[in-house]
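Bear in mind these aren't lab numbers, they're just calculated from the coordinates by the rules spelled out. Note that the structure is predicted; figures quoted are calculated from it, not measured. No Cβ is skipped: glycine too gets one built from the backbone with ideal geometry, and neighbour counts run over all protein chains shown.
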Amino acid sequence: MSETECVFCGIVGGEIEAEVVHDEDEVLAFNDMNGRAPVHVLVIPKRHVANLEAIDALPDAVAKRLFAVASAVAEKLGVTEGGYAVRVNNGPDAGQEVFHLHLHVMGGQRLGMP
Ligand code: 5GP
Ligand code: ZN
C-alpha cells in the first residue's frame, strides 16, 4: 500500500480522525478503533514504514521513542503497575492489517498469548 492510501498516514496528516493519547515530533499514539482490552493504544512513527523489515528507514532514536512512548502511554493510562503487552503484528501470519509499523499497547486486564 502506498503512503497516500495508508490509513495511519491519514491519521498523522489529520485527514482521518483518531483519539490521540500522545503526540510528539516523530511519534503518535492513539486509541485502537476496535480496542480489545480496556487499554488498547497504537503507537506509530509519523514517517511511513511498512514493517520491521523496513525499520532501517527510521532513525535509531525514533525506533527507541516508539518504546519510550509505549511506556509513557501505559503510565498515563494507569496500567504500568498492573502490566501491559507491547506487540507488533508483522506480516500475514501475524494478522497484520495496516502496513504502517505500529506497536499495540494493551493492558487493563489479564492478557494471554497470542
Ligand atoms: P494489525 O495491522 O496490527 O493487525 O492491526 C491494525 C489495528 O489498527 C487493528 O487493531 C485495527 O482495529 C486498527 N485500525 C485500523 N484502522 C484504524 C483507524 O482508522 N483508526 C484507528 N484508531 N484504528 C484503526
Ligand atoms: Zn503510513
Under the Karplus relation with 6.51, -1.76 and 1.60 and θ = phi - 60°, whole-Hz ³J(HN,Hα) for the range 93-102, x at Gly and Pro, equal 5, 8, x, 4, 10, 10, 8, 9, 3, 8
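What do you get for GluC sites (Glu not before Pro) in the range 64-97 restricted to DSSP loop and a cutoff of at most 12 other Cβ within 10 Å of the site's Cβ? If you can, show how the numbers build up before the last one.
Working: sites: 75, 81, 97; in loops: 81, 97.
Taking the range 64-97 and a limit of 12 other Cβ atoms within 10 Å, the loop GluC sites (Glu not before Pro) found are 81, 97.
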Total charge of the residues flanking residue 5 in space, meaning their Cβ is under 15 Å from its Cβ, with Lys and Arg +1 and Asp and Glu -1, is -3
Applied in sequence order to the range 36-47, the curve 6.51 cos²θ - 1.76 cosθ + 1.60 (Karplus, θ = phi - 60°) yields integer Hz couplings, x standing for Gly and Pro, of 10, 7, x, 10, 8, 10, 9, 10, 10, x, 5, 6
For residue 25 and residue 67, extending 7 Å from Cα along the Cα-Cβ vector and measuring point to point gives, in nm, a value of 2.0
Expressed in angstrom and rounded, the centroid-to-centroid distance over alpha carbons for the range 50-65 and the range 1-48 is 16
Within the under-14-Å Cβ sphere about residue 77, not counting residue 77, Lys/Arg +1 and Asp/Glu -1 give a net charge of -3
The extension gain from residue 93 to residue 55, computed as 0.36 nm times the residue separation minus the Cα-Cα distance, is 11.8 nm
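How big is D, in µm² s⁻¹, for the chain by Stokes-Einstein at 10 °C and 1.306 mPa s if Rh is the Kirkwood radius over C-alpha pairs?
On the way: Rh = 14.3 Å.
Translational diffusion coefficient: 111 µm²/s.
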